[in-house]
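Colleague: Below is the structure I would like to discuss, written out as structure tokens.
The values are calculated or read from the model by the stated rules, or taken from the named source; none is laboratory data. Bear in mind the structure is a predicted one, so any value in this text is a computation, not a measurement. Positions of Cβ are backbone-derived with ideal geometry, glycine not excepted, and every protein chain shown enters the neighbour counts.
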Amino acid sequence: MSILKSLLKMRKKKELPIQIEEPPDADAGADLKTLSLEQLKEKIKDEFGSTIDLSMDDLKTEGKDALLVYLTSMVDTKQLKETFLQSLSGKHDGLKLTTEDDLKSLCKEKFGGAGYQLIETFNDIITALLFGNIIIVFKDLEKALSLSMASSEDRSITEPSTQTVIRGPKDGFVESISTNVSLLRRRIKNRNLRFEKFIIGSETNTSVYIGYMEGISNKKIVEEVRKRLRKIKVHAIFESGNIEELIADKTATPFPLALNTERPDTVAANLLDGKIVILVDGTPFVLLVPAVLVDFFSIAEDYYQNFMMGSFLRIIRYLAFMIALITPSLYVGILTFHHELLPTPLLLGIIAQREGVPFPAVIEVLIMEVTFEILREAGVRMPRAVGQTVSIVGALVIGQAAAEAGIISNIMVIIVAITAIANFVSPTYSFAAAARLLRFMLIIVSAILGLYGVLLVLVFIVAHLSSLRSFGVAYLSPVAPFIIEQQKDVFFRFPFWSMRQRPAYLKTQNPEKMPKTGSPSPPPMKGERAN
Amino acid sequence: MLKENISLSQLLTLLINFLLGSAIVVGVGGDAKKDAWIAIAIAVLIGLGVMLFYYFIISRMPGKNLFEIMEFCFKRPIAIMLSILYIIYFLYLACRVVRDFGELIASAILPSTPIEIISLTICMLMAYILYLGLEVLGRTSEIFTPYLFGFLFLLTILLFASGNVNLYELQPVLGDGFQPVFKALFPTLIVFPFGELIAFTLILPVVTNFKYCMRVSLLGVGIAGILLLFAMFLMIVTLGVDVLLRSNFPMLSSAREVSIGNFIERIDALVVFIMMLGILIKGSVFMFAALKGLEYTFRLPYRYFSLPVAMIVTVFSILISVNFGDHWQEGLELVPYYLHLPMQFGFPSLLLFVLILKLRKKKSKSSTKEMKF
């Protein structure tokens, strides 16, 4: 009975069925049958050296000598001791372990459903050890038993720290990749949701999964993702940002070419639109490809609230992005070259304020913008305990005192504040970063060429954006190339029932999300004819 | 060489921006005085015909551009000579467009900035866009065109709201008879801006969905013509014909008239935006046409030429004339007769004639071949 219990327990911890891609392996390694237990022990010791977390115990089970190997750091030792060893070292019922078939039947009997594997090469043993399996090698048998018993010590699911919502699910991805996969599977209970595993990083052997909807996602794009992931030859992957940079169509751009998110609901919705998700073990940020520019302005919450409010907030987001991008350069351009654009009373006010300021407008703007960027970076990096200090220093000392000391004008403080706040509106941090960088370019050009320069740089940015591609999909779609059907979900968010089409630029296998239903309407009143 | 395509909507926006381009900057049809709008209205109708003419040449051999059709008609050596002529012609037009814009910025927006800097910066931008390819040009124009309409709409509202509009300026209609209208119409209005559509003979062949190409290009010419007509109408009724004729940049002058509640004043920046977009597209299209010619002549991808050609345009946009008056006179008195007429209608007519003959010959040949089998 204890065996049954332990099995039930293990079944809960079982990993989700995942199609394993064979990691490319040059030499398959020595076969087990050529090694005796002692030799094997030596060989493993050679491989791992004197690391302290390697545990090798001799066992006698089912009347046979065996060797149990595992990495204490990777294996849930509590589970191992309490359940597994008890069940295996218990009384044997006359079963003899002499042939491979005996081993198989033993496994079926005792570990069926527990995710066991029989492996036969030495290299497989090493790999299995590194992924948190325990290995039992029986004397005189050609195959060893590998059981997944990875410790599941990770952060519990919490609210995402970067992309918060007012209304919407509060769970976010965590560092453990299997938890993340289960978060997705729980949202899309569909057999067509497929995950594939890749091992990337020659030193770190990091698990990277791609997920897609079979029958929806464009097969060519899925194949392209696979191809690019296989092409990666780096020593280490620690974060999805590494992957993002290695598979992007173009790296010389400030704009992110993959959407990263911490929110499972965003990922689920995008998967159903035909996008492909890339999960990396060890980080809560997952990637969605192909990404287009409008993805960075729409968030999951747009779809959870009234469509009018959703549309309004979306327009606000575009507006805020423009404000964050061009406000400082407009200030410089207008004050340096085009005074006449301002109404006279406003101009007089600004000139009066700037009377004591010793710098030209561009220097003033650059000082403040750089100061703000420094403050912001300090705010992110500093220990939490000194958080108060920085905000006080930032707001009071630098803002107010600099204005009072006559180094900068008050209107400058307003401009920096507006720019900063507008920059925080952007739902994706990596996209807001592009505005932060381009802002400086705009400021400098506008100091040289005025508003003409600002327009010049804006056209330059748009030309650059329209040359970008993310996995072959034009970055500015569906605006340019213009697709009229998709305008329902770009600047406005149309009512849910009317958004029936998947994005056409993804060229999905099934372009329709749902049948045509029409607007929901109340039941007919008395005397009214139902139609 | 990379295969690139532009969509029908991109073609439409390119056409609109191209035709508005420098025409809206300098104002056209001034010879007809108060009746300039009538002249433009007639010119639009002729412009549709011009577009059809170029479309007809291209549609004879789908997928081949002007230079490749020349090769088909005259063999490569002669085609190369002709294409060199056209390259120079297109580059000259690009220079003129850039010069128009440089003068506009230098006289209206940045008076103390040397015009060379303006030329250089806008040409660098064109070079960058063309280096990225025709697709990028199409998308860029697609993105900015809604703003063009928005700004024009806003300008109209503001002009009417500020009470500068005096519809009686239009009277008397045809006060001097049809004579001035015809004078404005031929050849100036026909060759500029409508005859310049010859540059689109390099773009039409790469449009996806060639089937609808004719409809869309006629629609583009129509919309642009109506906008041009509307802009002229707006300029006449706000400025009056005397100020209009004396003003170098009438659109800019009329925008300066706007004044609402002492708060919305001097909205020149909006107008400059409209103009800059048009100039950018028009200059880029001319440069693209010249680059295509270079591609044909040297058999190298045209992207390689974009920066050098942009530098040439920068220099010659300054060198083609000593000052704005000279530039203006050159554009009105010399270019239409000695450059526009032969390059826009002379050679293409000849080409079409030979093309039809050759095609007929080929057809009869292939049909006799079929008879044998």
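Colleague: Mind checking which residues of region A:385-430 are farther than 23 Å from A:Ile443 by Cβ, touching a Ser or Thr at 6+ places or on another chain (Cβ under 9 Å) and of a type in the set (Val, Ile, Thr)?
Modeller: Residue satisfying the conditions is A:Thr428 alone.
Colleague: Can you tell me which residue is modelled with the lowest pLDDT among those in region A:111-135 that are buried (at least 20 other Cβ atoms within 10 Å of the Cβ) and over 34 Å from the mean Cα position of the chain (by Cα)?
Modeller: Only one residue tops the list, namely A:Phe111.
Colleague: Here's a follow-up. Tell me, please, whether a residue that is surrounded by 14 or more Cβ atoms within 10 Å (Cβ to Cβ), away from chain A (no Cβ under 14 Å) and assigned to a helix (DSSP H, G or I) can be found in region B:255-277.
Modeller: No, region B:255-277 contains no residue that is surrounded by 14 or more Cβ atoms within 10 Å (Cβ to Cβ), away from chain A (no Cβ under 14 Å) and assigned to a helix (DSSP H, G or I).
Colleague: For region B:317-324, check the following and say yes or no: at least one residue is outside any helix (DSSP H, G or I) and buried (at least 16 other Cβ atoms within 10 Å of the Cβ).
Modeller: Checked region B:317-324: at least one residue is outside any helix (DSSP H, G or I) and buried (at least 16 other Cβ atoms within 10 Å of the Cβ).
Colleague: Would a scan of region B:124-146 turn up a residue that is more than 11 Å from chain A (Cβ to nearest Cβ), β-branched (Val, Ile, Thr) and crowded, with 19+ Cβ neighbours inside 10 Å?
Modeller: No, the conditions are met nowhere in region B:124-146.
Colleague: Could you please find all residues in region B:199-212 being surrounded by 20 or more Cβ atoms within 10 Å (Cβ to Cβ) and assigned to a helix (DSSP H, G or I)?
Modeller: Within region B:199-212, B:Ala199, B:Phe200, B:Thr201, B:Leu202, B:Leu204, B:Pro205 meet the criteria.
Colleague: Additional query: Find the residue count for region A:493-518, including only residues that are assigned to a loop (DSSP other than H, G, I, E, B), among the polar types (S, T, N, Q) and touching a helix residue (DSSP H, G or I) at 6+ places or on another chain (Cβ under 6 Å).
Modeller: 1
Colleague: Hey, another quick one. Consider region B:1-22. How many of its residues are assigned to a helix (DSSP H, G or I), among the small types (Gly, Ala, Ser) and at pLDDT 85 or above?
Modeller: Residues that pass the stated criteria total 1.
Colleague: Within region A:235-244, identify whether any single residue is farther than 22 Å from A:Ala128 by Cα and part of a strand (DSSP E or B), and answer yes or no.
Modeller: From region A:235-244, those farther than 22 Å from A:Ala128 by Cα are A:239-244; that's our starting set.
If we keep only those that are part of a strand (DSSP E or B) too, we end up with none.
Checked region A:235-244: no residue is farther than 22 Å from A:Ala128 by Cα and part of a strand (DSSP E or B).
Colleague: Right, here's the next one. A:Asn410 versus (1) modelled with pLDDT of 85 or more; (2) surrounded by 20 or more Cβ atoms within 10 Å (Cβ to Cβ); (3) more than 33 Å from the chain's Cα centre (by Cα): which is the lone unmet condition?
Modeller: Result: A:Asn410 passes all but (2).
Colleague: Something else: Can you pull out the residues in region A:443-472 that are surrounded by 21 or more Cβ atoms within 10 Å (Cβ to Cβ) and either part of a strand (DSSP E or B) or away from chain B (no Cβ under 14 Å) (or both)?
Modeller: Of everything in region A:443-472, those that are surrounded by 21 or more Cβ atoms within 10 Å (Cβ to Cβ) and either part of a strand (DSSP E or B) or away from chain B (no Cβ under 14 Å) (or both) turn out to be A:Ile443, A:Ser470, A:Phe471.
Colleague: For region B:56-73, indicate whether the set of residues that are among the hydrophobic types (A, V, I, L, M, F, W, C), within 14 Å of chain A (Cβ to nearest Cβ) and crowded, with 22+ Cβ neighbours inside 10 Å is non-empty.
Modeller: Scanning region B:56-73, I find no residue that is among the hydrophobic types (A, V, I, L, M, F, W, C), within 14 Å of chain A (Cβ to nearest Cβ) and crowded, with 22+ Cβ neighbours inside 10 Å, so the answer is no.
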